[in-house]
Structure formats: structure tokens, C-alpha cells
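Here is the structure we will look at, set down as C-alpha cells.
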Amino acid sequence: MATGAAAELPSSANLEAQSLAARAQRAATAGRHLEARDLARKAMLLAPGDGRLAADLAPIFVAQPKATPLDPTLLVSWAAAEARSARARAAASAAQGRHADAAEALTVVLRAFRQQGLTADPGLAVLMAELQAEIDAHLRRQRQTDESQNDESRQAQVRTARAAALDQDSLRARRIQERTDRIRELRRLGHRELALTEARRLAKDEPDRTDVRELLALVLAEAHDGRQQTTKEATVDLREELATQMREALLPGRLDGLPDYPEGWLDRRHGTDLRILDQSREAPWVGALRDRLAARMSLKIDRMPLSEALRLVANRAGVNLIIDPTLAAADPQVSLDAPSIRCDNALTWIARQVGSTWTLDQEAVVVGAIAQPAPVLAVYDVANLIHSAQDKPGRELALGAASGTAGAQFVQATPEVRQVTPEDLANLIRTVIRPDSWESESQGITIRGSVLFVMASPEVHGLVKELLRSQEAAQGMMVRVESRWLTVEDAFFERVGVEWTTDGSGVQAGRVKAGAERQWRQGDAVATVRNSLPAATTAYGAKSSTALQLSIAQVGPLQLSAILEAGQRSGQLRSLQAPTITTLNGVRGHAFYGLQRGYIGDYEINAGAMDPQVQVLSTGAILDVKPLISSDRKYVTMDLKPSITSLRLFTEQITASRNYDQVTTNSTGLTTAATYPIELPNITIRSAATTVTVPDRGSVLVGGFGKAIDERMSAGVPYLADIPYLGRLFGTRARGSERSDLYLLTTVTIISYDELETAL
């Protein structure tokens with residue numbers, strides 16, 4: 001199929017017809033009317049449907065030389081030929097449905113006939129009437145076609161409007177259904193308030209739908225019922241929230257461990273700078289020149305005199321330039337190729353090629369031999385660096401000897417004393433900041449208490465400020481350390497067995513001793529079967545208390561009795577102990593959360609009586625840490641020594657004689673046996689000592705210990721205990737398991753007051 005552009009190009013027949021028409025017009029202009037008519041006729045035969053071509057060639061057929069009279073026969077023949085040609089073109093156009101073009105083709109010929117006055121000829125008059133009738137018929141058909149097309153267009157528009165209306169109704173119905181489904185889903189999930197809000201919006205958007213109004217009423221009723229049900233719960237929650245707010249209001253600071261700034265902190269007037277007599281500050285013109293020298297330029301010089309290259313850079317930056325006379329007299333040649341470079345860097349590279357340098361002095365850039373600036377005096381108060389925080393080592397866990405006389409006690413650790421003197425700071429400044437500059441008599445440091453009087457150049461003062469500021473920043477940061485001891489324990493024990501026992505006494509009051517006994521006149525026979533399990537290693541042990549105990553007895557000459565014991569125990573433990581401490585960077589801190597427990601550890605005989613000796617044992621949690629923050633403030637290296645101790649007391653009874661003196665003098669004393677309780681402490685100790693590196697606000701597993709025990713035990717009568725099913729009457733079986741995990745996790749947070757104050 002041809003494209004749109006190709007469809008507009010004329011065909012070869014049209015091109016040949018246009019060429020013949022042009023030749024016919026030239027022949028008519030030259031007075032060769034017969035040749036012109038012949039050429040025009042050939043052109044119209046090649047393009048019968050071209051109305052414009054026919055209109056252009058019509059004058060050729062009617063034009064005659066003034067001296068030559070018109071031939072009626074020839075004129076009639078010409079008219080008949082033109083009519084046939086026009087009818088052919090009209091028929092071709094009508095066949096394509098272009099009745100307007102067909103009428104136009106006939107109208108052109110008819111108009112030519114009328115212009116030539118051919119209406120007087122009877123034959124031509126009939127031909128012209130036929131042409132007019134055909135023109136009217138084509139116009140009528142064109143109107144019918146237009147009306148039919150208009151009707152189809154209107155019907156298409158109606159169909160489109162109806163389809164759009166149906167689509168709109170369908171879309172509206174789908175949206176309503178989706179919103180209704182969402183409301184039902186919210187009701188199913190119990191979100192009554194959200195469902196009520198959505199139902200109200202839907203009812204507002206669709207006020208004429210009955211189902212929407214019914215859904216709103218249903219959701220509203222459910223919301224009211226839900227509110228009534230949650231009123232009591234809301235009251236309880238409100239009271240708890242009020243209690244929490246009251247508790248937090250009574251606590252100073254924040255519960256997350258970060259400092260809480262008071263209200264209006266940024267509006268407060270902070271103290272002035274303690275550095276007085278500071279003459280080392282830059283003049284305003286220095287900052288202006290540095291800003292100009294920060295401009296960039298493109299520089300490409302090859303063996304250019306030094307003075308010319310320096311002036312080129314100075315003119316670009318817009319600064320004054322002074323060259324040392326010695327350099328200006330020598331005026332060596334320099335080279336530099338830099339597509340984009342700052343002006344100050346360009347000065348540095350150019351001066352370096354001649355072994356010189358440059359500086360700012362007296363509002364100008366000076367290149368060459370430069371006199372050293374005069375030293376100025378500045379006073380620095382370093383009291384906060386000298387009187388630094390000291391380590392606070394706390395108690396340490398001290399374990400006694402194997403005899404247990406000392407047990408686990410807490411002893412005070414020896415503090416590590418550190419002190420920085422003003423002389424130390426002065427020596428540090430002389431060592432790390434321009435050591436050669438302090439050899440001059442005009443520069444030096446004088447110490448008066450906690451104040452340093454420094455006489456040095458402005459450049460040295462700038463370095464001193466940075467040194468002291470970095471020391472203050474490093475010592476001013478704090479670290480919050482959170483240590484968590486997590487204990488997870490799961491234990492299980494099960495025991496089932498039968499015991500046949502007796503003590504030979506037969507029937508007792510209320511029950512029969514387990515076992516078998518046969519009495520007859522000559523004597524008794526006693527049988528006993530004991531199925532005792534060995535000691536277990538699990539938490540509950542083989543002697544776990546029995547949950548079920550059944551006994552059966554047959555009393556008579558033959559006494560039989562048995563005891564069925566069945567029991568099961570299980571337990572889970574989740575314990576979390578989380579000591580927290582905040583300390584300065586590089587300063588050891590410690591926190592002790594302890595409990596002192598008194599117990600009866602011994603008895604002392606006093607006047608024949610047993611006096612209990614109460615002893616005190618301290619247990620608790622210790623967190624000892626020394627944090628060191630990295631230079632990029634991203635990591636914290638810690639010397640960490642956490643310890644956790646817990647206590648369980650077991651009570652034992654001891655028996656001792658006790659004397660009671662009689663009141664009368666003639667009688668002797670009474671001696672009886674008495675029991676005295678004594679408590680045995682069992683201490684569980686968990687301790688770790690390590691050095692770890694933790695990212696800021698990160699956590700690390702410092703240590704852990706896991707234990708797992710699985711055991712099975714059985715005891716019974718040989719052979720009898722192996723009998724299927726019946727063997728359970730002659731044996732005892734037990735199984736147990738224990739899982740224990742202990743984890744030590746640590747989380748650190750760097751606290752920087754500068755960052756917190758900036759974030760306010």
C-alpha cells in the first residue's frame with residue numbers, strides 16, 4: 001500500500017496530459033487553433049476526470065481567428081465531443097461516489113456552451129437540457145449521500161454516547177462494590193472506626209443508593225457497640241498512661257540515656273571565650289584576598305618570564321602583587337599547563353619552580369623573600385584539660401579459697417590515677433607545632449596556674465587553637481554502654497515406676513506398706529522390691545516429686561501391697577539483666593546493682609544456748625567499662641568487665657543437745673535434743689573480661705555459654721522388668737532433658753553535645 005506522500009504524486013498519464021495541455025496553450029497563443037484543439041482533445045482523453053484541466057482547455061475549443069467565420073457543423077461536432085467527454089468524466093466520478101465532482105465536470109462544459117451562445121441551435125439546446133438534468137441528478141444524489149452520511153454520523157454519536165453512559169454506570173458500580181468490599185474487610189478485621197469513616201464517605205458520595213445507607217446504619221451500630229465494649233479498657237489504659245506520664249515527669253532527663261536539654265536552651269546567653277588578649281585573629285582583608293584567590297582560571301604558559309606569569313595570575317584574581325627585587329632582577333622563566341586551577345594553587349606552583357614561596361602581607365600577595373610576621377600574645381585557659389575526669393573503678397568480684405571461707409565477695413579496685421599538668425600541655429605544643437619556631441627568643445610559652453601565655457606568630461596560634469579544640473572535643477564526648485545478660489533455660493523430667501516395699505509391720509493406720517508379707521504360726525515371711533534410680537544430672541533429678549501415687553493392698557494372712565508412682569515436671573526460664581552506664585571518652589566507669597542478703601551461717605554456744613551468727617553476702621551485677629572513641633567517631637573500643645552473681649539458699653537442719661535448768665535447787669537439769677536450721681548459700685557467678693570494638697549505636701555478642709543434657713534411666717528386677725507390658729510392674733523408668741543458653745550482648749552509643757545541640 002502506498003504511503004500518503006506517494007499518493008499525492010501525479011501518474012504518468014496525468015503528466016502527459018499536462019504536457020499536451022501546455023503545448024495546446026502555446027499553439028493557441030501562436031494562432032494555430034486547429035493544432036491547439038487537437039492537442040487539447042488528446043490531453044482531455046488522457047485525463048478525463050480532471051475538471052481543472054478541462055476548464056483551462058475550454059477557451060481553446062471556442063477561440064477562433066477574427067478573420068475566419070465559425071463553422072456551425074464543426075461547432076456542433078465539437079459540442080457533442082465535449083459533452084461525451086464530460087459525461088465520461090462524470091460517470092467515472094459518480095462510480096467512485098463523488099457526485100459533486102461529476103456535476104462540476106458537466107457544469108464546466110455547460111458553462112462553456114452558454115458563453116459561446118450555443119443555446120440558439122435546437123440540437124445543442126436539447127443537449128444542454130440533458131446536461132442540466134444530469135447535473136441536477138448528480139447534485140440530488142450528492143445531497144442524498146451527504147444526508148445519509150450525516151444520519152450515520154449522528155447514529156454513531158448516539159451509539160458512542162450510550163456506550164459511554166453504560167461504561168460510566170459499570171465503572172460506578174465497580175467502584176461502589178470495591179468500597180463496599182473494603183468496608184466489609186475492615187469490619188472483619190475489627191477496625192470499626194475505619195469502617196465507619198469509609199461508610200460515611202461512601203454514603204456522602206452515593207446518597208441515592210438504599211444499600212449504601214443500610215450498610216452505613218449497620219456499621220454505625222457495630223461502632224457504637226464496640227465503643228461501649230472498649231470504654232472500660234480505655235479507662236484502664238488512660239490510667240496507666242497517666243501513671244507513666246507522672247513517673248516520667250518525676251524523672252529528670254530522658255529515659256533513653258541521652259541528655260535532655262532544658263527549655264529555651266538556644267536562647268540562653270552562653271559564656272564568653274576564656275581565651276583573652278588574643279591578637280592572632282586574621283584581619284578582614286585577609287579573608288577577602290583568600291576568597292579572590294579561590295577563583296579558577298585556565299593557564300597555559302611555556303617558558304614565560306616569572307614576573308609576567310605572576311602578574312597574569314594576579315590580574316585574574318584581582319589582587320595586588322609584590323615581587324621580591326632579587327627575583328624580579330633575575331626574572332627566570334617558568335612553565336605551567338593547567339586547564340582549570342585555583343589562583344592560589346597557580347601561585348604556589350609558579351613560585352615552587354624558582355624555589356620560592358608567597359604569602360599575604362599588607363593587603364597584597366608577596367612573592368619571594370618574606371620577613372616573618374611579628375609574634376603576638378594570646379592567653380589560653382586549659383583548666384578543663386588539666387583537671388580531667390579520673391577513672392572510677394568499682395568493685396571487683398573476688399573468689400575465696402576452696403574451703404569457702406570467703407566465698408564470692410566484692411572488693412574495691414585500686415583506682416588508676418592520671419593527671420595532666422600545664423607543663424605537659426606546653427611541652428606537647430612545643431613538640432608537635434613548629435618545633436623550630438620556639439628556638440627564637442621572641443616566641444615562648446609562660447605558665448601561670450592553669451593559664452598558658454603563648455607568644456607566637458598568628459600561624460602558630462591557629463595550630464595551637466586546633467590542638468586544644470581537638471583535645472576538648474575528644475574529652476567532651478561520652479559513651480553509653482548497655483550490657484544485657486540473657487538466660488534461656490528449658491528443662492523436662494518424667495518418671496514412671498512401681499515399688500514393692502514393706503517394713504514387716506503389716507497393716508498400718510490409714511494405709512498398707514508396699515510389699516508382701518506372709519504370717520503363719522511358725523513365723524513371718526517378708527518380700528520387698530525397691531526400684532531406686534541413680535542420681536540424675538538434670539535440674540530436677542531422679543528424685544523429682546511425684547505427681548501421681550497410687551497404692552493397692554490385699555489384707556489377710558497374705559498381705560500384698562504396691563505403690564505406683566508417676567510424675568512429670570517441665571519448666572522454662574527467660575531472664576534478662578541489663579545494667580547500663582554512661583561515662584566520658586577514655587574514662588573508666590563502673591556501675592554496681594547489688595543486693596545484700598543476710599543468712600544464718602553458724603551458731604555460737606553462749607551459756608549453754610545456741611546463738612545464731614548472721615552473715616551478710618552481697619550479690620548483684622557489675623558493669624566496668626573503659627571506652628575509647630575512634631578518630632572518625634564511628635567506632636568505640638572498650639575494655640569490658642561485666643559480672644553477674646545470683647544466690648540460692650538451701651536450709652539444712654542440725655541436731656544438738658539443749659539443757660534446761662530446773663527452777664528448784666533440789667532437781668537436776670533437763671537435757672533434750674533440738675534441731676537448728678543453718679543456711680547454705682549457693683552462688684552462681686557469670687563474668688567476662690574482654691576488649692571489643694563496636695560501631696556507634698551497634699551491638700555485639702561479647703560472650704555466651706550453652707549447655708544441653710539428655711538422659712534416660714531405668715531400674716528394675718532382672719528378667720521380670722523385661723517382660724512386655726507386665727515388666728512395668730517390676731521397674732522404674734525416667735527420662736529428662738535440659739537446655740541452657742547464656743548470652744552477653746553489649747550496645748554502645750556515642751553522645752556528642754556538639755551534634756545534639758546542632759540538632760536542636
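Using 0.36 nm per residue and subtracting the Cα-Cα separation, the extra length available between VAL616 and ARG448 on full extension is 55.3 nm.
What are the chymotrypsin sites (Phe, Trp or Tyr not before Pro) within the stretch 690-727 that DSSP puts in a loop, where the Cβ has at most 15 other Cβ atoms within 10 Å? Numbers along the way, then the final one.
Numbers: sites: PHE705, TYR719, TYR725; in loops: TYR719, TYR725.
Listed in order of number, the matching sites are TYR719, TYR725.
Within the accessible area of the stretch 432-503, the carbon and sulfur atoms contribute 52%, probe 1.4 Å, all protein chains present.
Could you work out the percent of alpha carbon pairs in the stretch 306-362 separated by over 15 Å, rounded to a whole number?
Values: 712 of 1596 pairs.
Cα-Cα pairs in the stretch 306-362 separated by more than 15 Å: 45 percent.
Length available on full extension from ARG574 to GLN419: 0.36 nm per residue minus the Cα-Cα distance, which gives 51.3 nm. The solvent-accessible area of THR326, taken with every protein chain present and a 1.4 Å probe, is close to 100 Å².
Taking the average, over residues, of other Cβ atoms within 10 Å as the packing measure, peptides 32-38, 635-641 rank 635-641, 32-38 from highest down. Within a straight-line Cα-Cα reach of under 13 Å, LYS634 can be paired with the following aspartates and glutamates, leaving aside sequence neighbours fewer than 8 residues apart in one chain: ASP696.
Residues with beta-carbon under 14 Å from that of GLU679, excluding GLU679: net charge, scoring Lys, Arg +1 and Asp, Glu -1? Working shown, then result.
On the way: positive: ARG597, ARG648; negative: ASP602, GLU652.
Residues close to GLU679 contribute a combined charge of 0.
Highest mean packing comes first when the peptides 620-632, 199-211 are listed by Cβ atoms within 10 Å, giving 620-632, 199-211.
Other residues lying with their Cβ under 15 Å from the Cβ of ASP602 contribute a combined charge of -4, Lys and Arg counting +1, Asp and Glu -1.
Apply 1/(1 + (r/R0)^6) to the Cβ-Cβ distance of GLU755 and ARG209, taking R0 = 35 Å, and write down the FRET efficiency to the nearest 0.05.
On the way: r = 58 Å, r/R0 = 1.67.
Calculated transfer efficiency: 0.05.
Which peptide among 340-350, 97-107 comes first, and what is the full order, when sorted by highest mean count of other Cβ atoms within 10 Å?
On the way: 340-350: 17.5, 97-107: 21.0.
Most protected by this proxy first, the peptides run 97-107, 340-350.
Estimate the FRET efficiency between ARG154 and ALA221 by the formula 1/(1 + (r/R0)^6), using the beta-carbon distance for r and 51 Å for R0, to the nearest 0.05. Please list the in-between numbers first.
Numbers: r = 52 Å, r/R0 = 1.03.
Plugging the Cβ-Cβ distance into 1/(1 + (r/R0)^6) gives 0.45.
The values are calculated or read from the model by the stated rules, or taken from the named source; none is laboratory data. The model shown is predicted, which means the values in this text are computed figures rather than measured ones. We place every Cβ from the backbone using ideal geometry, glycine too, and count neighbours over all the protein chains shown. For the accessible areas, the whole protein counts, side chains as well, though only heavy atoms, and no ligand, DNA or RNA atoms are used. Shrake-Rupley method; radii C 1.70, N 1.55, O 1.52, S 1.80 Å.
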